[in-house]
Amino acid sequence: MSFANPAYLLLLLLLIPVIGWYIWQLHDQDASIQMSSSSTLSREPKSLRVYLLHVPFVLRVAVIVLLSLALARPQLSNRWSKESTEGIDIMMALDISGTMLAEDLKPNRLEAAKAVATDFVIDRPNDQIGLVVFAGESFTQCPLTTDHAVLVNLFKSVKFGMIEDGTAIGLGLANAINRMKDSETKSKVVILLTDGSNNRGEIDPQTAAEIANTYGIRVYAVGVGNMMMDSEFDEETLRQIASTTGGTYFRATDNSSLKKIYEEIDQLEKTKLRVREFSKRTEHFAPFLIAAVMCLLLEIIIRYFALKTITN
């Protein structure tokens, strides 16, 4: 409980002189009489009026206390928090060229990449996530969306042969950038996954990386596969793409390492949580005010009716 006007509690200090004055009055008004014995008086029953003699003063003190509390306006505060999330825009650029059918990851690179990416999507419910696929060309399989059930189904339909074979890394990256460049979200990320070197498309990968950097888009580049199986793999280009955009380059040589890479990206790109605290105050001066009025009325009744004969 808190008080809206705590200064009124200082009125309680008035009780000190009031009580002091009352005690002084009682002492000053004491009368004495000499008697040979008071035993006879002590056996006399005391009337109700004697017991009520000090009640009006006690009630007057109670009125002062209750009015002071009422004027101070006691309030109960109910606090609660409201959480809101600030999501991240994530476009996945997935290589679906023929080399992604290599079986150094099980059952093959493409299926392993799809499975791990699907788990990543499911674990980030507050983010807008989309999917771009590329081989010799590139197209958007799913634009940015928070409907992750639709995105997961579209992931399942991705397969080799959907588009002309080849590896247009720059084109795939540029397509992903184009899908999020106008987004007002503060955090924008592309996860680029490939196992080859750029051999198709009109856009150079480094040029695409510079465009991404211009729009504040980070690129996490993931190279997939065992070095022994893909002699054309261009690891240096992926490193440069990541470095230019402020992202990170990862190397996945098996299913386990690929899963750990997505877990690390998940940690690097945490969805931001904002917490707002609200407070609702409820006034509780009325019970004190009512009690003060009741005490005052009771004092009047006792003082001017029950004790009338004494005071007179």
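The values are calculated or read from the model by the stated rules, or taken from the named source; none is laboratory data. Keep in mind that what you see is a predicted model, and the values were worked out from it rather than measured. Heads up, the Cβs are rebuilt from the backbone with ideal geometry, glycines too, and the neighbour counts pull from every protein chain shown. Accessible surface areas use protein heavy atoms only, side chains included; no ligands, DNA or RNA. Shrake-Rupley method; radii C 1.70, N 1.55, O 1.52, S 1.80 Å.
General remarks:
- Qualifying residue in the range 104-122 (condition: over 30 Å from R200 (Cβ atoms) and at pLDDT below 90): no
- Matching residues, the range 128-151, being surrounded by 19 or more Cβ atoms within 10 Å (Cβ to Cβ) and touching an Asp or Glu at 6+ places or on another chain (Cβ under 7 Å): Q128, F134, A135, L144
- Answer from M162, M100, M91 - the residue that is over 23 Å from E269 (Cβ atoms) and crowded, with 24+ Cβ neighbours inside 10 Å: M100
- Evaluated against (1) more than 19 Å from G98 (Cβ to Cβ); (2) touching a Cys at 6+ places or on another chain (Cβ under 9 Å), V132 falls short on exactly one condition, (1).
- Taking the conditions (1) modelled with pLDDT of 85 or more; (2) surrounded by 14 or more Cβ atoms within 10 Å (Cβ to Cβ) in turn, I16 satisfies each one other than (2).
- For the range 275-298, the set of residues classified as in contact with a Lys or Arg (Cβ under 6 Å, 6 or more places away or on another chain) and either modelled with pLDDT of 85 or more or surrounded by 14 or more Cβ atoms within 10 Å (Cβ to Cβ) (or both) consists of F285 only.
- Entry remark, the range 239-274: residues being within 18 Å of M92 (Cα to Cα), open to solvent by 30 Å² or more (accessible area, probe 1.4 Å) and assigned to a strand (DSSP E or B) number 2 in total.
- Residue in the range 189-198 that is β-branched (V, I, T) and open to solvent by 30 Å² or more (accessible area, probe 1.4 Å) present: no
- Those strands (runs of 3 or more DSSP E) of the range 124-229 in which at least 3 residues are over 18 Å from A252 (Cβ atoms), considering only elements entirely within it, cover 128-134, 138-145.
- Of the listed requirements (1) buried (at least 17 other Cβ atoms within 10 Å of the Cβ); (2) among the aliphatic types (A, V, I, L, M); (3) at pLDDT 95 or above; (4) in contact with a strand residue (DSSP E or B) (Cβ under 6 Å, 6 or more places away or on another chain), L154 misses just one: (1).
- Listed by first and then second residue, the pairs linking a residue in the range 122-137 that is under 17 Å from L173 (Cα atoms) to a residue that is open to solvent by 70 Å² or more (accessible area, probe 1.4 Å) and in a helix (DSSP H, G or I), with Cβ atoms under 7 Å apart and 6 or more places separating them unless they lie on different chains, are G130/R179; V132/R179.
- Filter result for L173 (of a type in the set (A, V, I, L, M), open to solvent by 20 Å² or more (accessible area, probe 1.4 Å), in contact (Cβ under 8 Å) with a residue 12 or more places away in the chain and closer than 12 Å to M92 by Cα): no
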